[in-house]
Structures are given as C-alpha cells and as structure tokens.
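Notes follow once the structure below has been shown.
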Amino acid sequence: MELESSPEWLNKGDNSWQLTAATVVGLQTIPGILILYGSIVKKKWAINSSFMVLYTFACVLLCWVCWAFQMSFGQQMFFFLGRPDFALDQKYLLGQGFAGLYPRATLVFFQFVFAAITVVLVAGAVLGRMSFKAWMLFVPMWLTVSYTVGAFSVWSPKGFLFEAGVMDFAGGFVIHLSSGVAGFTAAYWVGPRASKDRERFPPNNILLMLAGAGLLWMGWTGFNGGAPYAANIDASLAILNTHICTATSLLVWLFLDVFFFEKPSVIGAVQGMITGLVCITPAAGLVQGWAAIIMGILSGSIPWYTMMVLHRKINFLIYVDDTMAVFHTHAVAGSLGGILTGFFAEPRLNRLFFGDDPRYIGLAYALKDNRSTAGFRQIGIQFAGIAFIVILNVVVTSAICLIIRVIVPLRLTDEEMEIGDDAVHGEEAYALWADGEKFEIAQRNKMFDVQDIES
C-alpha cells in the first residue's frame, strides 16, 4: 500500500544520502569557511570576516527559495536563464524533482548550499576592507544576475552549455571558476587593504584555521559525492577521487614550498588542499583514480606557480589585492580542472553520469579509440565554457560594484580599516581580560581603583 508520504517514485536511500550530502556541504560553510576566514585574517578582522560568511548563508537561502532556484533550474526564460518564481509552495516542493528519485524540496536544499558557498568564496577576495553594507547589497545582486546564469547555462537540462556538452561534474565552472573571477574582479573595484595590512597580515589563530580547513576538506565528500543525485557507484568513485586528488595536491604544494623556500608552510599546505579540491570537482565521477593523482600533481604545482612566481612578476596581479588568493585557488584551479576533465573523462564513467550520449569522451580516450574529432570537440567545449563564465563574471561583477558604490561606499574608511572589527561592528573577537573586558579597559579600571584606595 502506497503511503502519502512515500510515493512510488521516492527512493528513501537516495533521498537520505542527498539530504546528508547537502547538510555536509552546508557545514563546509557554517562553520567551516566561517572558522577558516575568521582565523586566517588579522585579529582585528576576525569578526568582520566571519560575519560576512554568516550573513551570506542566511541571505542566499531567502533569495534562493523566493526566486533564484527557479532562475537556475526552473522553466526556461532565455537560453541562459530560467524564469524567476517561488520555490515555497508545498505542492511544488513535494513533487518529484527534475533529477533524482526524491522531492523538489531536497533538490532546493541541496542546490542552495552550493549557491551559498559560491558567494562566500567571492567574499574571500575582499576581506579586510569592503564595507559590510556594500556586501549586504552585493550578495543578493550577484546571486541573482551571475550565479543563476552560470548554473542554468551549465547544469540545467535546458541550458545552452549543458546542451552543447560541457562537462562540469560538481561545479568547477559554476562554483569555482565563477567565484574566483568574480572575487578578483570585486577586489579590483573595492581597492586594496590598508598598506599595513597588505604588507603584514598574519593569521590570528593557525590551529583554528586548520580546523576550518579540515571541515572544508571532509565536507567535499558531500560536495562531489552528491553530484550524481543518487547513492550509486559513481558517487562512491567521486568521493574517493576527491580525496586522492586533494591529498596529492597538498603534498606537491608542500614539497615545492620546502624545495624553494626551505620551510614547510601550513598556510601553503591549506592552499594546496584547496586547489586539489577545486581541480577534481568538475571531474570527480568522470575519471579514474590514476587520473585523479595526475590532476593532484598538476593542481599542486600550476596554481603554486601562478601564485608564488607569476603573481610577483605581473603588475596587474600585484595591483589587485586578492586577500585569500581566490583567483589562483579557484579560478586557475577550476579552469585547470575543467580542461583536464575534457582530457581524462572516461567513456563508461561518462555514461554513468550523463547517460548514453556518445558526445561525452575525454581526449585521451578519443585518441585511443580513433575518435579524435569527438575528443578535440570536447576540449573545445570545455574552453568555451571557461570563456563564458569568465566574461560573464567580469562584466556582471563590475556592473554590480559600480551600481553599489552609487548607493553606499564600496570601501571602508581609512579609520575603519585602521581599527577593524571594533569600528565596523562595535565588537572584538577575543576577550583578553576578566569578564570580557578588553585588556586596556581592564588596566585603566585597575589604575583608577588603585588611585581611589590611595586617596
């Protein structure tokens, strides 16, 4: 007998896994990146950086259910965008989703956590000087006119890049390339941090930074493991490949730091971890384990080179103050992953994810099977996807920043940047004395008490 709460099309195992994967991805942001951002910056920016993450998570969710989910995955309005509409009605939410054997409510939640972390990654480029009020406006605007376009174009079955055959398993283009380019563009318009902050910006708590990085790494199990929309064998492979590539990338970055700079940098290891996670994302369930290792070697070395060598030689890169280096860790690594996907994607694995469509084949296998035309076509489509996401985010992010600065200042004042959290929020991250008093206040009160006793 069919229960109203368990229709015939519902697969409880898939639904359970998808909700679990979504929750794990949510934990990457809250508390993962919140802790990472709040601890990797100077102490005076700990609250501001963390609060940008918390605000973004809440704001994106409300925008997502009110209009952005439908713009990303709903009825087509243009070849690159869906029609804005609510995703709140119970009749809509309890019906079967466009993918997977579970309700739309599950898909709405799963895709929300991806949208939220994308905007949070953009924030990493502008930490330490962007006005919080400007950020409050930036989040809904960028989600609406940039993220939805990328998501619909690449992931929606009706999107033009999806129909063209772009392979992006879990967000190398939609999430990482997009956030890396948008963050770098926003950093250009907001301007650099105060000179003292840019010259010396030590983390206020490296152990907490590692805790946040660990949550980010482990959370990628849901990030890439949830992409097949089912608890199937492709999800298992995607998860294993994710961790193989990430471990390899971290080790390669570490070895390069030791060889060239003679010291093993903890922050460098975290950067290598992130580039590995980003690079494997568009390919996780589409490549074999040996390919994941090769991708890890490349993601631990190429972004290392662009960050540690090229960045110091190219004037434009030096000029743009990208606080968390999201251009290198997300834009470069995301593009690299997208290209390598087009090279290493294995035909049988492609069928597990995309179905019986002969278009999807990596160049390496196409050359082996005498299908070089199909392989070069796939590489070309991957480059076309990269070009579209880059142009979209440079243009849209620039327009948003120019509009916002007409309404409110994009940038904090020099005085606010000198003081930090206390000037912006009236709060500081660490209590250094007694019952939450700041050290200098406690010392002043102590001095006054002594004087009173003497008098």
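Numbers below:
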quantity: Filter result for the condition that a residue is at pLDDT 95 or above, out of contact with any Pro (no Cβ under 8 Å at 6 or more places or on another chain), more than 15 Å from Leu143 (Cα to Cα) and among the aliphatic types (A, V, I, L, M), over Val24, Val65, Val53; calculated: Val24
quantity: Matching residues in segment 217-275 - criterion: being β-branched (Val, Ile, Thr) and either without any contact (Cβ under 8 Å) to a residue 40 or more places away in the chain or under 21 Å from Asn15 (Cβ atoms) (or both); calculated: Thr221, Ile233, Ile239, Val258
quantity: Residue list for segment 342-356, restricted to those being in contact (Cβ under 8 Å) with a residue 60 or more places away in the chain and either over 26 Å from the mean Cα position of the chain (by Cα) or more than 17 Å from Glu163 (Cα to Cα) (or both); calculated: Phe344, Ala345, Glu346, Leu349, Leu352
quantity: Residues satisfying the stated conditions in segment 177-203, i.e. over 19 Å from the mean Cα position of the chain (by Cα) and among the polar types (S, T, N, Q); calculated: Ser195
quantity: All positions within segment 396-422 that are touching a helix residue (DSSP H, G or I) at 6+ places or on another chain (Cβ under 9 Å) and of a type in the set (A, V, I, L, M); calculated: Val396, Ala399, Ile400, Leu402, Ile403, Ile404, Ile407, Val408, Leu410, Leu412, Met417, Ile419
quantity: Of residues in segment 378-398 being open to solvent by 40 Å² or more (accessible area, probe 1.4 Å) and in contact (Cβ under 8 Å) with a residue 40 or more places away in the chain, the one nearest to the chain's Cα centre (by Cα); calculated: Val390
quantity: Top-ranked residue in segment 212-240 [being aromatic (Phe, Trp, Tyr) and part of a helix (DSSP H, G or I); ranked as farthest from Gly32 (Cα to Cα)]; calculated: Phe223
quantity: Answer residue from segment 399-415, given it is open to solvent by 70 Å² or more (accessible area, probe 1.4 Å) and assigned to a helix (DSSP H, G or I) and is farthest from Val154 (Cα to Cα) among those; calculated: Glu415
quantity: Those helices (runs of 4 or more DSSP H) lying entirely in segment 1-89 with at least 3 residues open to solvent by 50 Å² or more (accessible area, probe 1.4 Å), free of Cβ contacts under 8 Å to residues at least 60 places away in the same chain and not polar (S, T, N, Q); calculated: 46-63
quantity: Search result, residues across segment 185-211 that are within 14 Å of Ile267 (Cα to Cα) and assigned to a helix (DSSP H, G or I); calculated: Ile206, Leu207, Leu208, Met209, Leu210, Ala211
quantity: Residue ID - most open to solvent (accessible area, probe 1.4 Å), chosen from residues in segment 154-178 that are of a type in the set (Gly, Ala, Ser) and within 26 Å of Leu237 (Cα to Cα); calculated: Ala164
quantity: Listing of helices (runs of 4 or more DSSP H) fully contained in segment 101-176 that carry 1 or more residues being within 16 Å of the chain's Cα centre (by Cα) and within 26 Å of Ile403 (Cβ to Cβ); calculated: 104-123, 132-142, 148-154
quantity: Residue ID - nearest to the chain's Cα centre (by Cα), chosen from residues in segment 243-284 that are polar (S, T, N, Q) and farther than 21 Å from Thr323 by Cβ; calculated: Thr281
quantity: Any helices (runs of 4 or more DSSP H) falling wholly within segment 244-337 and containing at least 3 residues that are hydroxyl-bearing (Ser, Thr, Tyr); calculated: 289-308
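The values are calculated or read from the model by the stated rules, or taken from the named source; none is laboratory data. Because the structure is predicted, anything quoted here is derived from the model rather than measured. Glycine also receives a Cβ, built like all others from the backbone with ideal geometry; neighbour counts cover every protein chain displayed. Surface accessibility is based on the protein's heavy atoms, side chains included, excluding ligands, DNA and RNA. Shrake-Rupley method; radii C 1.70, N 1.55, O 1.52, S 1.80 Å.
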